[in-house]
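Heads up, the thing below is written out as structure tokens.
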Amino acid sequence: MQDDADAAIWLRFALVPGIGPRRQLGLLQAFKTPQTALAASFYDISNVLGNEKLARSWCDAAQAAVHDRVTQALAWAKEPGCRILTMSDADYPPALLELPDAPCVLFCLGDTDLLARDALAIVGSRNATPQGLENAERFAETLSQSGMGIVSGLAAGIDAAAHRGGLTGSGGTVAFVGTGLDRVYPASNRALAHQIAEQGLIVSEFALGTAPKPENFPRRNRLIAALAKGCLVVEATIGSGSLITARQANDLGREVFAIPGSIHSPQAKGCHQLIKQGAKLVECAEDIQSELCWDSSSPQRSPSLAAATSLWQDELQGEECLVVPHMGFDAVTIDELVVRSSLTADRLCAILLGLELKGAVFALPGNRYQRRV
């Protein structure tokens, strides 16, 4: 644990506008300590940064704007559960130091001990299917209950489902966010964020007050990739930011895993692309545990996806048993089911309502339905 004076120096070093992590590390390499870098002359700073405008900004680091941000951060760190970690702190995660643009300062809200735990990153689409959300939560639940931490980005969709699963076990969950820790984005995850702050950990490299700018989230992804031993992509379109995280994980020598889906689903295209590029296809949490040589013995193992499926299959009755096989595993419309089953649309609507109440099918936009795997 650092004192306020040391933390203040690192904050002054890290919060200078326009000087990102790569340039900060370059300054540290040249001047050895943040204090020396802050005291360096304009000429010396300009030589390291190679940019006079940035050098002037650096030499004005004692300006009121930076001073106010440092004061605000130090006051925030005195609140319960709040902590500022710097590169000189013994609890700073060694895995993040592998990054060529490792953040010099981390703002943490919650249990920082989770940063030292072996973890898996689980990421995926913000617009996930119901089945994708269930897969993410169940994988995270099983792994967390075996003691593995779950890392994600607190986005809507797959990220949120992964965090919910991670909170159920001893592994816990760590959320890296793209805003200051005095903000929650998206607002729909506010309750989940409070739960993670109380039972897990939220981390940001961004100063308090930082808004959710689009460029912050790809930058945030590298921390997710670096902290974990591997990265699981549950659902992703070809243009998904989750593929950035997977690529960063691969570049760092981490294992990359992907769950396959329907060849007709846009949400499966990204996963299929990763598998073609060498990611490991997984069907259950045990596949990941085996690849990571993780001791999966735990008295609180959650049921497998197959076991969970059998629970609702045992409840099917009468015509329900005929309709579910006709659905296949892709999303299907009422009209398509009429052709396949020879039942009337009215009768199918009644059956599908019963199946939805039992958790056997999901209702999707566009009057489509998908069976639960």
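Once the chain from Asn127 to Ala75 is taken as fully extended at 0.36 nm per residue, the excess over their C-alpha distance is 15.0 nm. Dipole orientation for the chain: of the candidates Ala39, Phe329, Val256, Ala39 has the Cα lying most toward the positive pole (charges on Cβ; Lys, Arg +1; Asp, Glu -1). When you work out D = kT/(6 pi eta Rh) for the chain at 25 °C and 0.890 mPa s, using the Kirkwood radius from C-alpha pairs as Rh and the Stokes-Einstein form, the result is 109 µm²/s. Atom-type composition of the exposed protein surface of the chain places 52 percent of the accessible area on carbon and sulfur (1.4 angstrom probe). Between Val233, Thr168, Ala8, the Cα set farthest toward the positive side of the dipole of the chain (charges on each charged residue's Cβ, about the Cα centre) is that of Ala8. Once the Cβ-Cβ distance of Asp91 and Glu286 is raised to the sixth power relative to R0 = 30 Å, the FRET efficiency obtained is 0.40. Look at the dipole of the chain built from charges on Cβ: of Gln267, Val282, Cys108, the Cα furthest out on the positive end belongs to Gln267. Return the aspartates and glutamates within reach of Lys213: Cα separation strictly under 16 angstrom, same-chain partners fewer than 8 residues apart disregarded; answer none if there are no such residues. Result set, ordered by chain and number: Asp182, Glu205.
If R0 is 45 Å, the Cβ-Cβ spacing of Asp182 and Leu364 corresponds to a FRET efficiency of close to 0.80.
Using Cβ point charges alone (K and R +1, D and E -1), the dipole size of the range 153-286 about the Cα centre works out to roughly 260 debye. Rounded to the nearest whole Hz, the Karplus-based 3J(HN,Hα) values (6.51 cos²θ - 1.76 cosθ + 1.60, θ = phi - 60°) of the range 157-173 follow the sequence x, 4, 4, 4, 5, 5, 4, 4, x, x, 5, 7, x, 6, x, x, 9, with x at glycine and proline.
For Lys276, the lysines whose Cα falls under 26 Å of its own Cα, not counting residues fewer than eight places away in the same chain, are Lys229. For the listed peptides 146-159, 203-216, 98-111, a ranking on the average number of other beta carbons within 10 Å per residue, highest first, reads 146-159, 98-111, 203-216. The peptide list 117-127, 35-45, put in order of mean Cβ contacts within 10 Å with the highest first, becomes 117-127, 35-45.
Dividing the summed -39500 (n - 2.57) terms of all DSSP H runs of n ≥ 4 by the residue count of the chain sets its mean residue ellipticity at 222 nm at -13500 deg cm²/dmol. Its Cα centre serving as origin, the range 98-211 has a Cβ charge dipole (Lys and Arg +1, Asp and Glu -1) of approximately 320 debye. Taken along the Cα-to-beta-carbon direction at a fixed 7 Å, the label points for Asp330 and Ser41 span 7.1 nm. Computed about its Cα centre, the charge dipole of the chain is approximately 880 debye, with only Lys, Arg, Asp and Glu carrying charge at their Cβ. For Arg340 and Arg247, the difference between the fully extended length at 0.36 nm per residue and the C-alpha to C-alpha distance is 29.3 nm. To make sure I understand the rule: partners must be lysines, Cα under 18 Å from the Cα of Lys269, and not fewer than 8 residues away in the same chain. Which ones qualify? Hits, sequence-local ones excluded: Lys280.
The values are calculated or read from the model by the stated rules, or taken from the named source; none is laboratory data. Because the structure is a prediction, the values reported are computed rather than measured. Don't worry about glycine lacking a Cβ; one is built from the backbone with ideal geometry, like all the others, and counts go over all protein chains shown. The area values use the complete protein model at the heavy-atom level, side chains included, leaving out ligands, DNA and RNA. Shrake-Rupley method; radii C 1.70, N 1.55, O 1.52, S 1.80 Å.
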